[in-house]
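The values are calculated or read from the model by the stated rules, or taken from the named source; none is laboratory data. Just so it is clear, the structure is predicted and the values come from calculations on it, not from any experiment. With ideal geometry, Cβ positions are generated from the backbone for all residues, glycine too; neighbour counts draw on all protein chains shown.
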Amino acid sequence: MGKINIAIDGFAGCGKSTTAKEVARRFGYLYIDTGAMYRAVTLHFLKEQIPFEKDTEALTKSLQKLEIDFVNGQANGKRTVTLNGQAVEKEIRSPEVNAAVSPVATLVSVRHALVAQQQRMALRKGVVMDGRDIGTVVLPDAELKVFMTANMDIRAERRLAEMQRKGMTATLEEVKENLILRDKIDSTRAEGPLRKAYDAIEIDTSYLKIEDQIEIVVDLAKKLISA
Ligand code: DC
């Protein structure tokens, strides 16, 4: 088999993006962080003061003018997300965006626009895409689908450590509360809810080291590519 597409879905704090990034690097594939795209749309609505409680004409119109892309960062070679040509990697991780992104991700017009773009990005194969609805909605034909889980306490500890590395402060309780709320919004929305695809391979990452979790996905992909 030639190039394949790899879909990695699951809850926040399961190591999805670290795994997806490294798997993409190993195979020379394109890594697409779909969460960053929802975050970029959210940042745009906040900056432009566009209300996002529900789908409106103004909101749909503003989506048409929106260009989200990934470019290689100059200094470190890292891929960063851009919003109308501006690098926004840092801004999309702010507490304001964190608080607003789950409600924004429930909007049908937002999901339709982003899903269409994600599908175009994967047309030529050779992508590793992580998100919530990749195996179910965006790439239902992906050759490899992985669904990651982990227990809540471990997810909260990982998320807190990640935030602390970035110089943000919060308590473990706050992080946990935020994760519980996001899980609820992400899993219960009508459009593209967080759900395991019937043919996805579930990996419980609670007690896995990140290197081991990467190896599991790399091995699964190797088997498929060489089949
Ligand atoms: O993975 P993340 O924390 O960057 O995701 C941010 C939000 O976007 C999260 O609330 C879930 C949502 N999201 C989504 O609904 N669908 C995706 N494919 C990716 C993320």
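For Asp204, the conditions (1) out of contact with any helix residue (DSSP H, G or I) (no Cβ under 7 Å at 6 or more places or on another chain); (2) within 16 Å of the ligand (Cβ to nearest atom); (3) in contact (Cβ under 8 Å) with a residue 40 or more places away in the chain are fulfilled apart from (2). Among the conditions (1) at pLDDT below 90; (2) aliphatic (A, V, I, L, M); (3) within 16 Å of the ligand (Cβ to nearest atom), Val71 misses just one, which is (3). From the set of residues in region 13-32 that are of a type outside the set (Ser, Thr, Tyr) and within 17 Å of Ile201 (Cα to Cα), which is surrounded by the most Cβ atoms within 10 Å (Cβ to Cβ)? Filtering region 13-32 for residues that are of a type outside the set (Ser, Thr, Tyr) and within 17 Å of Ile201 (Cα to Cα), the one surrounded by the most Cβ atoms within 10 Å (Cβ to Cβ) comes out as Ala20.
Out of Ala122, Ala87, one residue alone is hydrophobic (A, V, I, L, M, F, W, C), surrounded by fewer than 17 Cβ atoms within 10 Å (Cβ to Cβ) and under 19 Å from Ala36 (Cβ atoms). It is Ala87. Residues that are within 13 Å of the ligand (Cβ to nearest atom), more than 18 Å from Ala200 (Cβ to Cβ), out of contact with any Asp or Glu (no Cβ under 6 Å at 6 or more places or on another chain) and not in a helix (DSSP H, G or I) within region 89-124 comprise Glu89, Ser94, Ala105, Thr106, listed in sequence order.
For the residues Val217, Val146, the requirement of being outside any helix (DSSP H, G or I), touching a Ser or Thr at 6+ places or on another chain (Cβ under 9 Å) and at pLDDT 95 or above singles out Val146. Restricting attention to region 125-138, the residues that are assigned to a loop (DSSP other than H, G, I, E, B) and either crowded, with 24+ Cβ neighbours inside 10 Å or near the ligand (Cβ under 8 Å from one of its atoms) (or both) add up to 2. Being modelled with pLDDT of 95 or more and of a type in the set (A, V, I, L, M, F, W, C): is that true of Ile8 here? Spelling it out, Ile8 is indeed modelled with pLDDT of 95 or more and of a type in the set (A, V, I, L, M, F, W, C). May I ask you to verify whether Ala170 is in a loop (DSSP other than H, G, I, E, B), closer than 23 Å to Ser102 by Cβ and without any contact (Cβ under 8 Å) to a residue 24 or more places away in the chain? Taking the combined requirement at face value, the residue satisfies it.
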